[in-house]
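Peer 1: Pasting a structure below so you can have a look.
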Amino acid sequence: MSFVKNGVNTQPIVDNVFSISRKAKEAAKKYGDDKVVNATIGSLYGEDGKLVALDTVYDSLKHVDNRNMAAYASSFTGNPDFKDELYAWVLNGNSKLAHEVIATPGGTGAVDMTISNCLSEGETLVMPSLAWGSYNLMAQMNNINTVKYDLFEGHHFNLNSFKEACQTAMKSQDRLVVIINDPCHNPSGYSLSKEEWKEVVAFLNECSKTHSVVLLNDIAYIDFAYGQEQAKEYMATFDDISDNVVVVIAFSISKSMTSYGLRCGAAIVLGQSDEVIYEIKNVFEKNARATWSNINNGAMHMFVDVMKNHKEAYNEERVKYVKLLQERSDIFVKEAKEVGLKHYPYKEGFFITLSMDNETRDKYHEALMDNLIFTVKVNNGIRVGICSLTVDKTKGLAKRMKDILDTVA
C-alpha cells in the first residue's frame, strides 16, 4: 500500500553537495581551515573565506519598510514594477518579442514550472548529460522521462548530439521541451557563442514545423559572466524563433543579488505574439497560485530599489567580484594546462569540471577527500567550485589534484 502518487520515485534523496560540504567543514574543524580545500560550495565567497553578501543589496533590503516586508505581494505573479524592472535588466534591450513575467521562488521555481506544465507524464525532456542534478529530479517527480545530449564536441557545443536528442524525443510526442543552461553553464563553465545560438534557434525552428517547441534557457549565473552586458547579446537570436516556438528564461535573483536564501526569481516567457504565449502564461499563473501562492515581497521591493536608485553602485560592487572570480579561474585553468589536468571547455562562471569516466571519478573523489580536497561528483566529472576558493587556495591546486589523479588513474 502506498500513500503517494503512482510511479513517483520514493527513494531517499541523496544530496552530494551538502553531504560532502559537511565533511569538508568537519575536516576544517579537525585539521584547520588552512589545510582544507572546500570546493563543494556553489555560492560566491570572498577572499576572507566568507559568503559574499553585496552591501548594495542588503543596505537596500534593510530600508524596506517593515510592513512591505510583512505584506503579501500585490499579485501572485509578482509586483508590476518588479516584473518591469526584471524584464529590462535581463533582456537589456536585446529582444523585441512579446513577453510575460511570472515571479518564482528562485530560478528553480521557473525551471520546475516549465518542466511540470509543458510536458505530460510519460513524455520526454531534452537536457544535457552534464548538468545540474535537480533537472533530473524535477523530471522524476513529475514522471517525465529524459533524453540527454552530449554538451561538447571537442571544445564546442555539440549541435549534432543536441539534434539527435531532440529528434528522439519528437518521435513519441507532439511537444519538444529542451533545457540549455547558458551562459556560465553549471557545472562546466561553458558559454555558447552567438553563432552557436543561431544554429540552435534555426534547428528548433525546423522542429517547430511538426511540433510545438519550448526552449528553457536557465541563466542562473548570467550576471557573473565575464563579458557582462555582452553576455546578454545572444538573446537577440530569440527574435528569429518561429510562431510555434516559445522561450522561457529562468532568472535567479538568488544568484545575481547574492541573496540565495531570499528565494526570488522569475520565468520570462517570450514569443512572436501575445497570442502565442497566452496559453503558457495562463497555465504558469495558475501554477504559481496553486503551488507557492506568493513571492517574497521584501526581495521584490529590494530588487526594484536597487535597479531604480542604486544600479551604478550595485554594478560596481558586483563587477569587483566578477573580476575576482575571473582571477581565480585564470589561475586554475592556466595551471591545469601546465600540468595536463583535463577539464571540460571553460569560459566563465562559478565552476570548472574535470573530465573523466565515472569509475575513475569515484576512486578519485575518495582520494581527493583523503588529501583534504573536497569536490562534487557529476556525470563523467569532478566539479570544482572556484566561486568559493580564495586566490591563495586556488594557486597550486591543479597540480595537487593532478598528482592525486595520477595515483588512481
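The values are calculated or read from the model by the stated rules, or taken from the named source; none is laboratory data. Computed from a prediction, not measured in an experiment: that's the story for all the values here. Here the Cβ positions follow ideal geometry from the backbone for every residue, glycine too, while neighbour counts run over all protein chains shown.
Peer 1: Does the stretch 367-382 include one or more residues that are in a helix (DSSP H, G or I), in the same structural domain as Glu47 (by TED's automatic domain parsing) and in contact with a strand residue (DSSP E or B) (Cβ under 6 Å, 6 or more places away or on another chain)?
Peer 2: No: the stretch 367-382 contains no residue that is in a helix (DSSP H, G or I), in the same structural domain as Glu47 (by TED's automatic domain parsing) and in contact with a strand residue (DSSP E or B) (Cβ under 6 Å, 6 or more places away or on another chain).
Peer 1: On to the next question. Specify which of the listed residues (Asp370, Asp403, Asp362) is out of contact with any helix residue (DSSP H, G or I) (no Cβ under 9 Å at 6 or more places or on another chain) and surrounded by fewer than 17 Cβ atoms within 10 Å (Cβ to Cβ).
Peer 2: None of the other options fit; the residue is Asp362.
Peer 1: Oh, and also: Looking only at the stretch 227-250, decide whether some residue is under 18 Å from Val101 (Cβ atoms) and among the polar types (S, T, N, Q).
Peer 2: No, every residue in the stretch 227-250 fails to be under 18 Å from Val101 (Cβ atoms) and among the polar types (S, T, N, Q).
Peer 1: Which residue out of Glu206, Glu164, Glu121, Glu195 is surrounded by fewer than 17 Cβ atoms within 10 Å (Cβ to Cβ), in a loop (DSSP other than H, G, I, E, B) and not hydrophobic (A, V, I, L, M, F, W, C)?
Peer 2: Just a single option satisfies the conditions, and that option is Glu121.
Peer 1: I need a count of the residues in the stretch 9-28 that are within 19 Å of Ala367 (Cβ to Cβ) and among the polar types (S, T, N, Q).
Peer 2: Residues that pass the stated criteria total 3.
Listed here are the residues, each with its yes/no results for (1) within 13 Å of Phe82 (Cα to Cα); (2) not assigned by TED's automatic domain parsing to the domain that holds Ile253.
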position	(1), (2)
Glu279	no, no
Phe284	no, no
Thr291	no, no
Ile295	yes, no
His301	yes, no
Tyr321	no, yes
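Peer 1: Tell me yes or no: at least one residue of the stretch 325-334 is over 20 Å from Arg22 (Cα atoms), among the aromatic types (Phe, Trp, Tyr) and buried (at least 22 other Cβ atoms within 10 Å of the Cβ).
Peer 2: yes
Peer 1: In the stretch 247-287, which residue that is surrounded by fewer than 21 Cβ atoms within 10 Å (Cβ to Cβ) and polar (S, T, N, Q) is nearest to the chain's Cα centre (by Cα)?
Peer 2: Going through the qualifying residues, I end up with Asn287.
Peer 1: Considering each of Thr375, Thr353, Thr360 in turn, give the residue that is free of Cβ contacts under 8 Å to residues at least 60 places away in the same chain, of a type in the set (Val, Ile, Thr) and more than 30 Å from Met69 (Cα to Cα).
Peer 2: From the options Thr375, Thr353, Thr360, the qualifying one is Thr360.
Peer 1: Can you tell me how many residues in the stretch 386-409 are under 18 Å from Lys342 (Cβ atoms) and under 19 Å from the mean Cα position of the chain (by Cα)?
Peer 2: 1
Peer 1: Restricting attention to the stretch 173-192, which residues are in a loop (DSSP other than H, G, I, E, B) and either surrounded by fewer than 19 Cβ atoms within 10 Å (Cβ to Cβ) or at pLDDT below 95 (or both)?
Peer 2: Gln173, Asp174
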